[in-house]
Amino acid sequence: MGNRLEALRLGPPELLGEVVQGRVGQAAAIGTGKQGRAELYFVVNGSPATFYATDLETGHVTFQYDIPDTDAVWGMTAVPDGTVYFSGTGGDGRLYRYDPMERIAECIGVNPAEPFVWDLASSPDGRIYGGTCPSAKVFEYDPERARFRDFGTVSDTEQYARGVAATENYIYGGVGSVISLQRIDRASGERQELHVEGCTGEPGFLDRIWPYGELLFLSIGGREAVVYEPETQRVRKRFPADNFISPPAPSNGAFYFVADGRIHSYRADTNEVATHAKLPNTEERPKIKCMAWVALAGRTERVLAVVTSNADVMFYDPTADAAATSRVSLPTKPLAIQSLESDGRGKLYIGGYHRSLTIYNAELDRVEASLPRFPQIEGIGFMGGKVYFGTYTKANIFRYDPELPLDASMSAEANPSLAMRIGRRQDRPFTFASGDGKLFIGTTADYGALNGALTVYDEAEERWDVYPGLVPNQSVVGLAYREGTLYGGTSVWGGLGIEPAETEAKLFVWDVKNKKLVTRFTPDIPGIDAPPRMIGELSVGPDGNVWGVVDGTIFAMEPAAFDIVKSKLIFPSEYRYSKFRPYYLRWSSDGLLFTMVGRRMVVVDPDTLEHQVLDDRPSSLMTLGSDGHVYYCEESRLLRRKRQ
């Protein structure tokens, strides 16, 4: 082993804490608890996720239950008798039941369809229906007989049964990532596709369905509602709506919804939409997770309870056309770490899954700031003293100036503030590079799409340019800049919900000044055990070469002739873990290369390619601090190994 590796000394792992905290959930329901009081049921993401029952008026927690092996729950429904059913995304397919009278939560079985449950709904007779992925299946649970039934897939081509609903005779399934509406006869199991004008066949998701009388309300991508007549297959109305439609109002039968931070209503008798009061707590546009009409103490008329993904509760009074916020005492929970970068000046920037931003001061060993409502950060870049966060969904880029006061309001004047909506059907900005006043961002496409993009920000001109499909049908997952040239690496995997169209990843070369593609090619890497399917991260080393990773293989490319001058197979090419996240490369001050090649922590001597495995357990995130120490994570825990 080379002298530099022999001289390397790292201390034992030090736990720095669960530094990313948040209160975010993907499912909620409102029902009735003891003494007939309205209760909110909410699952807070975490490791593990926790189910809470909360008094809706006081915010007091009456029950909590940690859900084994589950970090998030999307599927939840409350049935008329008050029972609450929920199922998670932890890969086990377990269905849980909560009894609000006995205050008991229990697993009642494993669904026969698939482990990942997207949505749950109940029928008028109290049966429970769930939609799953990745085979777009629908299942039933009959509480009277304690029996499951698998209705099979509702799509021959798509992976997601994203929304589900049930009436007396039918089950409805909303499909993505190419939209369709499916109807299943509850008795016979016969399936029929219903055409939805302007939606069927379009990219996206039909993610929620609410049957009321002869109508279905369909949520399209959580941004638009469609009022639909299933018997005539006619679209009656379309309007912007954030995720949810209320049950009909007791006073006038109108259906209420939220759009652009305001309450709106739709009347089926007139087919008209009206605008009402502004809601508090909606500056950051949280997703609406539940709406229900509830009776509150001291009020003669029911009010509309609106619950967001942050577990904020707002009450809207239609009589006064006014909304107010309720207190909720749900705690924050440690979140799995989703992104981790060092700014080289003593700070670590850390993002959580599905939300939250933490700024950690590595010199003082403490959390300096926490923004629990910040969007999920996929990648982090630096340029001109500012920090750029690439967030999911829709590839939004936020900019933070550490020299200015932190402002977490998410308003236009906030810090961090929204700098760019990449759009162009892009979704996940995982890789960044910068140089000569330009920021480069590589993205993975949206669900059901394959064409990733290169985005270039020119700071001097304040100009953003987006170049989708530089390498057709591939994502951009690695970037490195050197002397006017940008080097990129791609992945054959695009967004979720679609299989790759190509078999080999590419390297590409971009002329930054002339804004044009120089070349793209599959590199010939000596010693690799399989054609590359994902190339990145990339990094310019101290030797001037462009270094890169292909799963378990590391290589160096001469930057002018594009020849591979060094390579080594360290682990077999298995592609067992994330198809989005790059394999990170970090250079120490003494020229050693620390990397997550093969999703394990490894250090490489770039001169000899000798290596040392620092941690053989599967992992993805690692960075080097300005102090030279190694920072990494295990789920929600931030750890450090000090250079001795």
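The values are calculated or read from the model by the stated rules, or taken from the named source; none is laboratory data. Small disclaimer: the values here were computed from a predicted structure and weren't measured. Every residue, glycine among them, receives a Cβ derived from its backbone with ideal geometry; neighbour counts consider all protein chains shown. Accessible surface is based on the protein model in full, side chains and every heavy atom, while ligands, DNA and RNA are left aside. Shrake-Rupley method; radii C 1.70, N 1.55, O 1.52, S 1.80 Å.
How high is the relative contact order of the chain, in percent, counting Cα pairs under 8 Å that sit 6 or more residues apart?
It rounds to 9 percent for the chain.
If you wrap a convex hull around the alpha carbons of the range 384-461, what volume per residue comes out, as a whole number of Å³? Spell out each step's value before the answer.
Numbers: hull volume 7.5 nm³, N = 78.
Hull volume over Cα atoms, normalised by residue count, gives 96 Å³.
Between the alpha-carbon centres of the range 454-501 and the range 65-95 there is a gap of 38 Å.
Accessible area per residue, 1.4 Å probe, Å², for the chain: what's the number?
On the way: 24700 Å² over 644 residues.
Normalised by residue count, the accessible surface of the chain is 38 Å².
If you take the Cα centroid of the range 569-644 and the Cα centroid of the range 340-368, the two points sit 18 Å apart. With 0.36 nm allotted per residue and the present C-alpha distance subtracted, the D365-V235 stretch has 41.0 nm of extension available.
Under a Cβ-Cβ cut-off of 9 Å, what is the net charge of the residues other than L593 that fall near it, where Lys and Arg count +1 and Asp and Glu count -1? Could the numbers behind the result be given before it?
Values: positive: R586; negative: D605.
Taking every other residue near L593 into account, the sum is 0.
Shape class for the range 577-644: oblate, because the ratio a/c of the largest to smallest gyration tensor axis (alpha-carbon atoms, square roots of eigenvalues) is 1.5 or more and b/c is at least a/b.
Cross-linked pairs K289/K333; K237/K287; K137/K394; K237/K289; K515/K568: Cα-Cα separations exceed 28 Å for K515/K568.
Taking all C-alpha pairs of the range 10-69, those more than 18 Å from each other amount to 47 percent.
Run the Debye formula on the Cα coordinates of the range 229-277, all scatterers equal and no solvent, and tell me log10 I(q)/I(0) at q = 0.27, 0.28, 0.29, 0.33 1/Å. Scattering profile of the range 229-277, log10 relative to I(0): -1.12, -1.17, -1.21, -1.32. Charge tally around R4: other residues with Cβ under 12 Å, Lys/Arg +1 each, Asp/Glu -1 each, net -4. In this structure the amide hydrogen of L621, modeled in the peptide plane, comes within under 5 Å of the amide hydrogens of C633, none closer than 5 places in sequence on its chain.
Once every DSSP H run of n ≥ 4 in the chain is given -39500 (n - 2.57) and the sum is divided by its residues, what mean residue ellipticity at 222 nm do you get, rounded to the nearest 500 deg cm²/dmol? Each step should come with its number before you reach the end.
Values: 1 runs with 5 residues, N = 644.
Value at 222 nm, helices only, nearest 500: 0 deg cm²/dmol.
The fraction of accessible area contributed by carbon and sulfur in the chain is 45 percent, rounded to a whole number (1.4 Å probe; ligands and nucleic acids excluded).
Normalising the Debye intensity of the range 381-427 to I(0), with uniform scatterers on Cα atoms only, and taking log10 at q = 0.20, 0.31, 0.32 Å⁻¹ returns -0.64, -1.12, -1.15.
Rounded, prolate or oblate: which fits the range 459-560 when a ≥ b ≥ c are the square roots of the eigenvalues of the alpha-carbon gyration tensor, with rounded for a/c under 1.5 and prolate only if a/b beats b/c?
Details: a/c = 2.07, a/b = 1.16, b/c = 1.79.
Judged from the Cα gyration tensor, the range 459-560 comes out oblate (a/c at least 1.5, b/c at or above a/b).
In summary, the range 507-644 shows an alpha-carbon radius of gyration equal to 1.06 times the 2.2 N^0.38 Å reference for compact globular proteins.
For the chain, the pair-distance distribution built from all alpha carbon pairs, in bins 10 Å wide starting at 0, is 3, 15, 25, 25, 18, 10, 4, 0, 0 percent. Counting only heavy atoms of the protein chains and using a 1.4 Å probe, V44 has close to 0 Å² of accessible surface.
List the trypsin sites (Lys or Arg not before Pro) within the range 63-117 that fall in a DSSP loop (any state other than H, G, I, E or B) and whose Cβ has at most 14 other Cβ atoms within 10 Å. Walk me through the intermediate numbers first.
Values: sites: R94, R97, R103; in loops: R103.
Qualifying residues, ordered by number: R103.
Across the range 1-129, the mean sequence separation of Cα contacts (distance under 8 Å, 6 or more residues apart), normalised by length, yields a relative contact order of 16 percent.
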